[in-house]
Amino acid sequence: MKSRSMGRGSLAITLSAVLVVSACNLNWINIAIADIPVVLQIVTSVLSIVAIAQGKGQADPNMVAEVQTIAAQAKADLTTAQNLINDYQKASAADKPGILGKIDAALSTAQKDLEGILTTFHVKDTATQTAVAAGIGVALTTVAAIYSLLPPPPPSTTMPTASHAPRSAPHKPRTPAELKADYNALVSSQFPDAVIH
C-alpha cells in the first residue's frame, strides 16, 4: 500500500508541475507582449546615457558608434520578435511551429546583441559605466526570462542560424511597471533624463 500511495503522490506532484509549467507557457505571449516594449525603452535610454558620456568627452567616438550599431541591431531583433509573437497569436496551429522557431532565433540574437553592448561600452567614469551595465543587465534578464518561458520549437522547424542556447528553468519576468521602477532606480540619481515612463 505504501508504494501505491507514494506512486500517487509522485504522480500528483508531477502533474502539478506540468500544470504550472503549462500555465507559464500559455502566458508567455502576454508576458512577452508586455515586457518587450519596456526592454526597447531601456535600450533607447541606455543610448541616451552613452550620448551624454560622449557629449562630456568621456567616451571614444568610435566605441560610441559601435555601441549604437549594436544597440540598433538589438532593437531590430526585439522588434522582430515582438512582430513574430503577434503573428504567432493569429497563426494557425500548422504555422505556429515555424513562427516559434523564428521567435526563438530573434530572442537568442537579441540576447547576444545586448551582451555585445556590455562588452563594447567602456568609459573611465564609473557612474556612467555602472548605469549602462545596470540598464543592459535589466534588459538581458528580462529577455532571458521571456526566452525561458518560450516553448521549444519542434526539431523540424529549428532555424539553422540560431544558436539555441540552453534554456534555464522557466521563470516569470517582472511586470512592465516593476521593470521600469527597477531601471529608473538604477539610473535616476546620475541620469534623471534617462528615466523611462
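Reported count of residues in segment 47-64, each being under 20 Å from Lys112 (Cβ atoms) and either of a type outside the set (A, V, I, L, M) or modelled with pLDDT of 95 or more (or both), is 0.
There is at least one residue in segment 8-24 that is in contact with a helix residue (DSSP H, G or I) (Cβ under 6 Å, 6 or more places away or on another chain) and at pLDDT below 95. For segment 65-78, taking the residues that are in contact (Cβ under 8 Å) with a residue 40 or more places away in the chain and among the β-branched types (Val, Ile, Thr), the one that is farthest from Phe121 (Cα to Cα) is identified as Ile70.
Quick one: in segment 148-174, which of the residues that are more than 11 Å from Ile31 (Cβ to Cβ) and part of a helix (DSSP H, G or I) is modelled with the lowest pLDDT?
Ranking the qualifying residues of segment 148-174, first place goes to Thr157.
Looking at segment 108-129, can you tell me whether even one residue there is within 13 Å of the chain's Cα centre (by Cα), modelled with pLDDT of 95 or more, under 26 Å from Glu178 (Cα atoms) and surrounded by fewer than 16 Cβ atoms within 10 Å (Cβ to Cβ)? Scanning segment 108-129, I find at least one residue that is within 13 Å of the chain's Cα centre (by Cα), modelled with pLDDT of 95 or more, under 26 Å from Glu178 (Cα atoms) and surrounded by fewer than 16 Cβ atoms within 10 Å (Cβ to Cβ), so the answer is yes. Can you find a residue in segment 131-142 that is in contact with a Phe, Trp or Tyr (Cβ under 6 Å, 6 or more places away or on another chain), closer than 20 Å to Pro152 by Cβ and surrounded by 15 or more Cβ atoms within 10 Å (Cβ to Cβ)? No: zero hits.
With the requirement that a residue be of a type in the set (Ser, Thr, Tyr) and in contact with a helix residue (DSSP H, G or I) (Cβ under 7 Å, 6 or more places away or on another chain), what does segment 109-131 give you?
Within segment 109-131, Thr109, Thr120, Thr128 qualify.
How many residues does segment 48-66 contain that are of a type in the set (D, E, K, R) and assigned to a helix (DSSP H, G or I)?
Within segment 48-66, residues that are of a type in the set (D, E, K, R) and assigned to a helix (DSSP H, G or I) number 1.
The set of residues in segment 71-97 being surrounded by 15 or more Cβ atoms within 10 Å (Cβ to Cβ) and under 25 Å from Ile136 (Cα atoms) consists of Ala71, Gln73, Ala74, Lys75, Asp77, Leu78, Thr79, Thr80, Ala81, Gln82, Leu84, Ile85.
The values are calculated or read from the model by the stated rules, or taken from the named source; none is laboratory data. Given the structure is predicted, the values throughout are model-derived calculations rather than measurements. Neighbour counts run over all protein chains shown; Cβ positions are idealised from the backbone, glycine included.
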